[in-house]
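First comes the structure, then the notes that go with it.
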Amino acid sequence: MTIRLLLVDDHSIIRAGYQQILQKNPDIEVVAEAETGYCAIKACKDHKPDVVVLDLSIPFKKESEEVSSACGLETIRKIIAMDKKAKLLVLTAMSGEPYPSQAVTAGAMGYLTKHCAPDELIRAVESVANGIPYFSAAIQNEMDGADAQSPASCLSKRELEVFSMLAESYSAGKIADAMSLSPKTVHAHRANILRKLKLKNNADLVKLAVRSGFTAS
């Protein structure tokens with residue numbers, strides 16, 4: 001049986017690379033691509049793929065395509081809300097907790113990093129298509145060690161998304177556009193994040209994110 005796949009990544013060259021890898025398996029067909037969460041939801045409605053492979057570091061709104069922000073979690077939640085049987089595999093550069101655990105909570109069935117081998121990507125797609133969760137060994141270790149308290153484990157889902165974008169040095173205005181929030185709300189989230197993490201400013205936040213593996217840097 002052919003596995004019908006939707007690829008979601010905001011870089012066309014990366015999607016093309018995935019296509020080359022996946023087409024080595026004749027039982028996998030990429031039926032659609034999307035570069036934003038907004039487009040991914042529409043593609044799910046139009047094509048009803050068996051598996052959605054998506055990056056966490058994507059913008060959500062079509063009009064905010066210039067913002068490469070971490071709206072993948074919100075996209076997962078919206079797809080699951082639309083179709084509770086949807087099967088989602090995360091393929092991202094974000095390896096640090098709590099991203100894997102947050103993705104699972106949002107509804108993802110698998111999680112790989114972009115450093116995975118081509119054969120592992122194919123195995124993960126096949127596994128998720130059959131309803132079997134798949135996590136790379138490194139990600140499973142991250143999740144197993146989550147009780148050691150990731151620095152951002154105290155953040156809410158929304159705060160984690162804002163944290164991700166602040167860590168990538170995006171302004172409050174761009175974050176507000178990407179997440180459909182008011183700048184005032186973004187500033188409130190930022191204040192809560194700094195307070196919870198006991199940080200003084202954005203520079204401290206970026207340092208923590210890099211040190212803890214929350215960014216691709």
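Each reported figure results from applying straightforward, stated rules to the coordinates on display, with no laboratory input. The structure displayed is predicted, hence computed values, not measured ones. As a convention, Cβ positions derive from the backbone with ideal geometry for all residues, glycine included, and neighbour counts pool all protein chains shown.
One equal scatterer on each Cα of the chain, no solvent, Debye formula: the resulting log10 I(q)/I(0) at q = 0.08, 0.11, 0.14, 0.16 Å⁻¹ is -0.26, -0.50, -0.81, -1.05. Subtracting the Cα-Cα distance of residue 138 and residue 196 from 0.36 nm times their residue separation leaves 18.1 nm of extension gain.
If R0 equals 35 Å, the separation of the Cβ atoms of residue 29 and residue 101 corresponds to a calculated FRET efficiency of about 0.65.
Of the residues 40, 109, 75, the one whose Cα sits farthest toward the positive end of the charge dipole of the stretch 1-110, with +1 on the Cβ of Lys and Arg and -1 on the Cβ of Asp and Glu, is 109. This model, with +1 at the C-beta of Lys and Arg and -1 at the C-beta of Asp and Glu, gives the stretch 170-212 a dipole about its Cα centre of some 240 debye.
Given Cβ point charges of +1 (Lys, Arg) and -1 (Asp, Glu) and nothing else, what value in debye, to the nearest 20, does the dipole of the chain about its Cα centre take? Dipole about the Cα centre, nearest 20: 780 debye.
FRET efficiency for the pair residue 153 and residue 117, taken as 1/(1 + (r/R0)^6) with r the Cβ-Cβ distance and R0 = 25 Å, rounds to 0.25.
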